[in-house]
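Below: one structure, written as structure tokens.
The values are calculated or read from the model by the stated rules, or taken from the named source; none is laboratory data. Keep in mind that what you see is a predicted model, and the values were worked out from it rather than measured. As a convention, Cβ positions derive from the backbone with ideal geometry for all residues, glycine included, and neighbour counts pool all protein chains shown.
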Amino acid sequence: MPSECIPYSETNYFSKLILDYLNQKEELKAFYSRYPEIENFKEQIQEKKNSFPEENRKVLLEVLENQYQNIQISEATAEHIKALGRENTFTVTTGHQLNLFSGPLYFIYKIISTINLTRMLKEKYPENDFVPVYWMATEDHDFEEINYFNLKGKKFKWNSAQKKAGQTAVGYLSTEGLQEVYKLFSAEIGVGKDADFLKLLFRQAYLEHENLTDATRFLANELFKEYGLVIIDAQEKRLKQLFAPHAENELLKQVSHVKTSETAEALSAFGYNIQVNPREINLFYLTEEFRERIIERDQIFYVHERENIKWSREELLAELEANPERFSPNVVMRPLYQELILPNLCYIGGGGELAYWLELKSYFEAENVPFPMLLLRNSALIQTQKQKRKREKLNISNKELFLKQHELINRKVRKISDIDIDFTPQKNHLKEQFRNLYNLAEKTDKSFLGAVKAQEVKQIKGLENLEKRLLKAQKRKLKNEVTRISQLQNALFPNEGLQERQANFSEFYAEFGETFIATLAETLNPLDENFKILTFGQE
């Protein structure tokens, strides 16, 4: 499949922090342990092997076997689960919310990046096994972030009658109300073998499973089981028991707040924006009815907005010991929990995720848990052969596609116009004339310098206004070309944003068929630090 690429720095969609991380800037090296190059995994493997307790591996294996007991899995997944019981098996992990029907397209890229990195590691370090893991964010409670997906420019939203934001974790939510979404989706996706598969997949996932956790596990398993993907729901009592000592440190010593606050201050000093600000206690109290922050005042611990639920220090520790599954880590503590229960080497995420992971290294060190390598997931833009031909006919480069639409149109109109709309020579000539006037004022009366400057600004502004009016007139004259440019960019950048953050995988699966995911898996290299432009369809 034809593919091209451009550097992330030329897309205008990635933060300074992430671009500096990709460039391995010296000032950032204190915020991570090892950069994700294939040779650096040797030391990461040894560090994790030396620190990961046998008991944690045993509990992990038993939990996974229990979670998969009623699921039809591939030989590859079954072997990967079994392999996790061996001390020379390690994981590469990505995490994602329980978005309806997987949500944005980058969900697919995340998991493919994870799968492909394990393949590369197996080739480089054949004496070990490597397992791709998808960590389901079952404990998140922001329903409004996950209750929809976009298809062909239309939003398919789950209007559940259940309690939503600020209530319980989304993993507990019943799938009631999704029959209506299924009907609308079925009508939109059309007919044919691939459309029928997608309809069946949606129906089996969401209409034949009782809660969002089970539905999401089924969906991800069906899409990636042949690649041996292992899916974990960490909201399990036995796993939380392993986490309990670290939860106790958080409750009594606020370790994460102390350490990440120091790191955030250090990152700010280098001019980077902070992704998350830690709370004093970064744990929620979780039941099937609600998920609310734990707060402490005067040595009494409360559940936020439910202050009838409170404990003394001793009572809280007793509750933690008896019901560790009720203590849910937030975005600051979840990474530690993940690395505690998985023999993990590398976390793969988007730019926003890596930004908050870079705040956590000193916290990991304080808790004596190895910090994983951090890898930016693959990003891609999918175009059809027809769209590629249109782009080439309009003489638009891949890099230019990523411009803001008004910038792209202005640039193209200037190029294709039969008159010169660039007044730069005239402005330079005017500035030269005013330099002579400045010299004259200096020699006669310096009080005139201000008047000369004001006149220069006025004259330059006049030329700029003329230039804008001429450009606007040319846009009207070249209306057909402007429309074609706008239509092409709107198709590739829906809502003037990255395609991978807007469109759902089903749109492409319906068009390109069952080979869509396999083709992505063959094409995307997780260690290639470029934004991919992929061309699908017949020449």
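Collect the residues in the stretch 175-188 that are surrounded by 14 or more Cβ atoms within 10 Å (Cβ to Cβ), among the small types (Gly, Ala, Ser) and at pLDDT 95 or above, keeping them in residue-number order. Hit for the stretch 175-188 is Ser186, nothing else. For Asn308, are the conditions met, namely being in contact (Cβ under 8 Å) with a residue 40 or more places away in the chain, surrounded by fewer than 18 Cβ atoms within 10 Å (Cβ to Cβ), polar (S, T, N, Q) and not in a loop (DSSP other than H, G, I, E, B)? No: the conditions fail for Asn308.
Listed conditions (1) surrounded by fewer than 18 Cβ atoms within 10 Å (Cβ to Cβ); (2) over 22 Å from Gly349 (Cα atoms) are all met by Ala83, apart from (1).
Taking the stretch 511-532 as the range and being crowded, with 21+ Cβ neighbours inside 10 Å and outside any helix (DSSP H, G or I) as the test, the residues that pass are Leu524, Pro526, Phe531.
Residue-wise test of (1) over 26 Å from the mean Cα position of the chain (by Cα); (2) in a helix (DSSP H, G or I).
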{"position": "Ile232", "(1), (2)": "no, no"}
{"position": "Phe243", "(1), (2)": "no, yes"}
{"position": "Leu251", "(1), (2)": "yes, yes"}
{"position": "Ser256", "(1), (2)": "no, yes"}
{"position": "Lys259", "(1), (2)": "no, yes"}
{"position": "Ala266", "(1), (2)": "no, yes"}
{"position": "Val276", "(1), (2)": "no, no"}
{"position": "Phe284", "(1), (2)": "no, no"}
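Given the criteria crowded, with 18+ Cβ neighbours inside 10 Å, touching a strand residue (DSSP E or B) at 6+ places or on another chain (Cβ under 6 Å) and not polar (S, T, N, Q), does Leu267 qualify? The answer is no for Leu267. Candidates are the residues of the stretch 365-379 that are closer than 21 Å to Gly350 by Cα and not in a loop (DSSP other than H, G, I, E, B); the one that is nearest to the chain's Cα centre (by Cα) is Leu376. Every test in (1) small (Gly, Ala, Ser); (2) farther than 30 Å from Gly153 by Cβ; (3) touching a helix residue (DSSP H, G or I) at 6+ places or on another chain (Cβ under 8 Å) is passed by Ser9 save one, and that test is (2). Suppose the filter is buried (at least 19 other Cβ atoms within 10 Å of the Cβ) and under 22 Å from Glu315 (Cα atoms); does Phe224 pass it? Here the answer is no, as Phe224 does not meet what is asked.
Selection of the stretch 483-510 for residues being surrounded by fewer than 19 Cβ atoms within 10 Å (Cβ to Cβ) and among the acidic types (Asp, Glu) yields only Glu496.
All but one of (1) at pLDDT below 70; (2) loosely packed, with under 13 Cβ neighbours inside 10 Å; (3) of a type in the set (S, T, N, Q) hold for Asn428; state the number of the condition that does not hold. Here Asn428 meets the rest and fails (1).
Note on the stretch 287-299: residues that are farther than 11 Å from Leu251 by Cα, of a type in the set (A, V, I, L, M, F, W, C) and in a strand (DSSP E or B) total 0. For the stretch 340-364, filtering for residues that are of a type in the set (Ser, Thr, Tyr), in a helix (DSSP H, G or I) and buried (at least 21 other Cβ atoms within 10 Å of the Cβ) leaves 1.
Could you list, in sequence order, all residues of the stretch 45-71 that are under 29 Å from the mean Cα position of the chain (by Cα) and not in a helix (DSSP H, G or I)? The answer is Phe52, Tyr68, Ile71. Among the candidates Thr118, Thr94, Thr77, the residue that is buried (at least 18 other Cβ atoms within 10 Å of the Cβ), within 17 Å of the chain's Cα centre (by Cα) and either among the hydroxyl-bearing types (Ser, Thr, Tyr) or not in a helix (DSSP H, G or I) (or both) is uniquely Thr94. Is one or more of the residues making up the stretch 481-502 within 16 Å of the chain's Cα centre (by Cα) and free of Cβ contacts under 8 Å to residues at least 24 places away in the same chain? Yes, the stretch 481-502 has at least one match.
Checking each residue in the stretch 206-217 for being in contact (Cβ under 8 Å) with a residue 24 or more places away in the chain and buried (at least 19 other Cβ atoms within 10 Å of the Cβ) picks out Tyr206, Leu212, Thr213, Ala215, Thr216, Arg217.
Please find, among Tyr285, Tyr272, the residue that is hydroxyl-bearing (Ser, Thr, Tyr), surrounded by 21 or more Cβ atoms within 10 Å (Cβ to Cβ) and in contact with a strand residue (DSSP E or B) (Cβ under 7 Å, 6 or more places away or on another chain). Going through Tyr285, Tyr272 in turn, the sole match is Tyr285.
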